[in-house]
Amino acid sequence: MRYSILVNGNRRSVEGAADTPLLWVLRDELHLVGTKFGCGIGLCGACTVHLNGAPTRACVTPISGIGEASIVTIEGIGESEWGRKVKEAWLALDVMQCGYCQAGQVMAATALLVRNPTPSDGDIDEAMSSIICRCCTYTRIRAAIKRAAGLQAPETLEGEL
Amino acid sequence: MSARHVAGTPSGTDAPGLRISRRTFLATGLAAGGGLLLTLKFAGRTFADDAGVAAYISIAPDGIVTIVAKNPEIGQGMKTTLPMLIADELGVEWKNVRVRQAMLDPIYPGQFAGGSLGTPLNWIPMQRVGAAGRQLLLAAAAHTWGVPVSQCEASAGVVRHRSSGRTLTYGALAGKAAALPAPDLDSVTLKRPSEYTIIGKFTGGVDSPAILEGAAVFGIDVTVAEMSYAVYEKSPVFGGRVVRANIEEIKKLPGIRDAFIVRGIDAEAPIKMGLVDGVAIVADKWWDADQARRKLRIDWSHQAVSDQSTQAFERRAAQLAQSAPRSIIRRDGDVDAALARAPKVLEASYAYPFLAHATLEPQNCTAHVTDGGAEIWAPTQDPRAGATLVARTLGIDAGKIRVHMMRAGGAFGRRAYNDYMVEAAMISKRAGRAIKLLWDRTQDIQHDAYRPGGFHYFKAGLDAAGRPVAFRDHFVTFGHDGRLAATAELPRDHFPAGYIPNLEYGQTLIELNAPTGWMRNPGGNALAFAFESFLDELAHAGGRDPLALRLDLYGPPRVFAPPPARRGMKIPPFDTGRVRGVLELVAQKSDWHRRTALPAGTGMGLAFYYSHFGYVAEVVKAGLSREGTPKVHKIWAAVDIGRQIINPAGAYNQAQGAILDGLGQALHMAVTFENGRVVQRNFDTYHLLRINESPPVEVHFLRSDNDPTGLGEPPLPPVLPALCNALFAATGKRIRTLPIDARMLRAGET
Ligand code: FES
Ligand code: FES
């Protein structure tokens, strides 16, 4: 089947069986490899993209169900105001270790801030606990979200050098 | 104490230490645009890669410096750290540095990630490379001006003649420096720490901007010309052979190019992480290949029937504990006599499970095997071992295998093995084309080199002052054909050996048919829980402060004679003063001495562990949540890895990450076996820590006057016992089995 989808503002035509997950269309057809594969069944969030602004697991979203929805991936998120702020905060705090989960983290964090520009710790837990970081960069993820939101930085957890 | 702490070193890395060997010379060369190449010369060959980049440093006429990171990047930050060392000594500004990942090449020593050895092995050699470059540029400038080198100084990419104030940029000098002979690396002088401009500064990862654009290329992201995708199905029971499979049916499925049976190479392969039997499916799309894999019907040989199970292991261990250990690892004094005399005797048994690494990026590899050799793109910690394995298995000349070290989405020891690499190479050879092999999550969890489980049967005696005078551990661990399974050992010098006069470590093996191997802090990630928890029991039983008991046991500051140098690296001596230092620091930062003032239901626990040359003490403050599950309020760590933290950005992140990794192990992680198979299939049954369970982690570095050592592993072990000791303080319930069973905390026995 041929499908026409809207990715990062561009109309793309892709070929695939109806049940092909969006993840593999993005990665293997469109070579947008920033969206990652971690579990394939909606448990890790490495594949998180935005579908009409809502954080969505691309690994369990069949291509046939997308229709006219606007898809935004890590490759395009920097175009938005919140996406840019989140990325800046991520760089300033050097959140990443291996970096593999971070596209999913940034997509989830951006969606959170769009919805709730002043998230509490509890809000962050709720929005971000679906995205696994195997390197456990959670301390900095939390701090970076607060920084992007312009909230007071959490207490410093790094001793004097 | 130290020999075992380099045990987590990949075996395939027989590169000659970190010295650039005598047959390899530092050399200069002229870059295409007229710049300087500071490179290596080996057997008459001057090294520059496909893009004309030198082995270490290339300086373009515009002053942009390209520095090669020679080691794999697995999230430990070496791709940033190693170039920082070179750049600082070279005397350039970090913003003018571009970093390039090396390929596997015999010209580079020690191209692996493991054993927390990146820093101790490369700290001095990489600085020397940079200093050699600076020396060349200084000489070129002095020659240009006709002045002595001693009157010139270099910094921020510029050489300055002190008295006249004349300056020349590195870019302008590069061509001239390229014509000078490279200095002897041993002769260069290094900066004083007060002169550092990059070392010690918060430096973001060199790939971070690209990662945030989705543009960094991990192993899974590799695309090469004419590439197909592959999946590979192996026996769920380790060592199963393919008898028959519905290959013809699979070949007819949509999008499938090819399907075939692959034969494993030798009987040891399942244990040694080599090529094992399986069915390969090659398709134009990975999704099609993986859908077809789900329709495979494979008959596995009788070996694929097994009654190996976690329950049977547990029963067997309890049985074996009734008899004397099969072998004695260490015996000091007379434990039985001392126990008979001791006013107080304690007995306890501890158990911990097998663990899978679960790197977030599942195992994968891209390979193109041709008549002329092989080209491989792999997220691997040990590319040389991988190339050796591929050469041996496929019968290719190792010299004809090119390995691209791809950024890895986590590794934790998993990628010190190269099973995915040899599979990809074999599938490419059979399919006659380039393929990208990708495992799914279930395969990744079910085909790992597991952290082995283990059982400890402790017995100890205390004197009237609460000091341990007798200590016994019957360690029931795993083996294969009478030999210890990989990383399933209790080192004979493990603490408290040497600190208690009457001590015995004995061992008995349970037969295991599953691969085991290195996992972040091999040995320590398991042993610390058992030993440091039981030590806490002894402290409480003897009425001692757990901190004071440790300080007492380690005694006054003493430095033990170090073992001989390994891999050209001096092994740092074990220093009880450094133990004391981190114990006292963590106690101070956590307010340990005021812990009795904590509200009821909240407690603090403490633990110390020495590993990979690092000294780490941790305190956990914890209690129970309203739901009765463990709730960690905060963690403090004091870490002594020497006088210099090279990159604070990476260092704090590694330490916090390793501690939270250990917390996840304590709370959730376990691999179990049933009918010879691994039960867990995905993150619904193999749980990893999530942000809502992640407490604040405060890290303090104690900068003792010692050479810097590695950090990826040392902070992990203490958190497990520190947490269990905190839960004991909070609830009176002693955790002796991991992962923590919350039901036991609410009700069970103490
Ligand atoms: S890959 Fe989609 S949630 Fe894990
Ligand atoms: S940074 Fe490695 S998984 Fe998050």
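Data table
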read-out: Residue, farthest from the chain's Cα centre (by Cα), within the range A:41-59, restricted to residues that are of a type in the set (Gly, Ala, Ser) and away from ligand 2 (no atom under 16 Å from the Cβ); value: A:42
read-out: Of all residues in the range B:641-658 being within 15 Å of ligand 2 (Cβ to nearest atom) and open to solvent by less than 10 Å² (accessible area, probe 1.4 Å), the one that is farthest from residue A:158 (Cα to Cα); value: B:658
read-out: Hey, residue B:703 among the basic types (Lys, Arg), within 30 Å of residue B:122 (Cβ to Cβ) and either within 10 Å of chain A (Cβ to nearest Cβ) or surrounded by 22 or more Cβ atoms within 10 Å (Cβ to Cβ) (or both) or not; value: yes
read-out: Matching residues in the range B:313-333 - criterion: being exposed (fewer than 14 other Cβ atoms within 10 Å of the Cβ) and in contact with a Gly (Cβ under 9 Å, 6 or more places away or on another chain); value: B:324, B:327, B:328
read-out: Residue B:727 being buried (at least 24 other Cβ atoms within 10 Å of the Cβ) and under 20 Å from the mean Cα position of the chain (by Cα); value: no
read-out: For residue A:54: the one exception among (1) more than 22 Å from residue B:207 (Cβ to Cβ); (2) in the same structural domain as residue A:129 (by TED's automatic domain parsing); (3) touching a residue at least 40 places away in the same chain (Cβ under 8 Å); value: (2)
read-out: Selection count where residues are of a type in the set (D, E, K, R), part of a strand (DSSP E or B) and open to solvent by 10 Å² or more (accessible area, probe 1.4 Å), scope the range B:605-634; value: 3
read-out: Qualifying positions in the range B:412-444 - over 20 Å from residue B:393 (Cα atoms), part of a helix (DSSP H, G or I) and away from ligand 2 (no atom under 16 Å from the Cβ); value: B:442, B:443
read-out: Sole exception among (1) farther than 20 Å from residue B:491 by Cα; (2) more than 14 Å from chain A (Cβ to nearest Cβ) for residue B:350, by number; value: (1)
read-out: Residues of the range B:213-262 satisfying the condition of being in contact with a Gly (Cβ under 8 Å, 6 or more places away or on another chain), among the acidic types (Asp, Glu) and part of a strand (DSSP E or B); value: B:233
read-out: Residue list for the range B:652-681, restricted to those being within 24 Å of residue B:583 (Cα to Cα) and touching a strand residue (DSSP E or B) at 6+ places or on another chain (Cβ under 7 Å); value: B:652, B:655, B:656, B:659, B:660, B:663, B:665
read-out: Per-region count, the range B:330-366, residues under 28 Å from residue B:682 (Cβ atoms) and part of a strand (DSSP E or B); value: 7
read-out: Some residue of the range B:377-393 being out of contact with any Phe, Trp or Tyr (no Cβ under 9 Å at 6 or more places or on another chain) and among the basic types (Lys, Arg); value: yes
read-out: Count - residues of the range A:13-59 that are in a loop (DSSP other than H, G, I, E, B), within 13 Å of ligand 1 (Cβ to nearest atom) and either among the hydrophobic types (A, V, I, L, M, F, W, C) or surrounded by fewer than 21 Cβ atoms within 10 Å (Cβ to Cβ) (or both); value: 8
read-out: Residues of the range B:498-557 satisfying the condition of being of a type in the set (A, V, I, L, M) and outside any helix (DSSP H, G or I); value: B:500, B:503, B:509, B:510, B:512, B:514, B:519
read-out: Single residue of the range A:60-98 satisfying the filter (assigned to a helix (DSSP H, G or I) and within 16 Å of ligand 2 (Cβ to nearest atom)) that is most open to solvent (accessible area, probe 1.4 Å); value: A:91
read-out: Residue tally, condition open to solvent by less than 10 Å² (accessible area, probe 1.4 Å) and away from ligand 1 (no atom under 16 Å from the Cβ), over the range A:110-135; value: 5
read-out: Helices (runs of 4 or more DSSP H) contained entirely in the range B:263-329, each with at least 3 residues that are over 30 Å from residue B:349 (Cα atoms) and within 14 Å of another protein chain (Cβ to nearest Cβ); value: B:286-293
read-out: Residue satisfying condition, being open to solvent by less than 10 Å² (accessible area, probe 1.4 Å) and among the hydrophobic types (A, V, I, L, M, F, W, C), within set B:465, B:434; value: B:434
read-out: Candidate set: the range B:164-215, residues that are under 31 Å from the mean Cα position of the chain (by Cα), surrounded by 16 or more Cβ atoms within 10 Å (Cβ to Cβ) and of a type in the set (Gly, Ala, Ser); chosen: the one farthest from residue A:89 (Cα to Cα); value: B:200
read-out: Complete set of residues in the range A:77-109 that are among the charged types (D, E, K, R) and free of Cβ contacts under 8 Å to residues at least 40 places away in the same chain; value: A:81, A:84, A:87
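Listed here are the residues, each with its yes/no results for (1) more than 19 Å from residue B:101 (Cα to Cα); (2) open to solvent by less than 20 Å² (accessible area, probe 1.4 Å); (3) free of Cβ contacts under 8 Å to residues at least 12 places away in the same chain.
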| residue | (1), (2), (3) |
| --- | --- |
| B:372 | yes, no, no |
| B:377 | no, no, no |
| B:384 | no, no, no |
| B:394 | yes, yes, no |
| B:397 | yes, no, no |
| B:403 | no, yes, no |
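The values are calculated or read from the model by the stated rules, or taken from the named source; none is laboratory data. What you are looking at is a predicted structure, and each value in this text was computed from that prediction instead of being measured. Note that we place each Cβ from the backbone using ideal geometry, even for glycine, and neighbour counts take in every protein chain shown. Side chains are part of the model used for accessible areas, which takes the heavy atoms of the whole protein and leaves out ligands, DNA and RNA. Shrake-Rupley method; radii C 1.70, N 1.55, O 1.52, S 1.80 Å.
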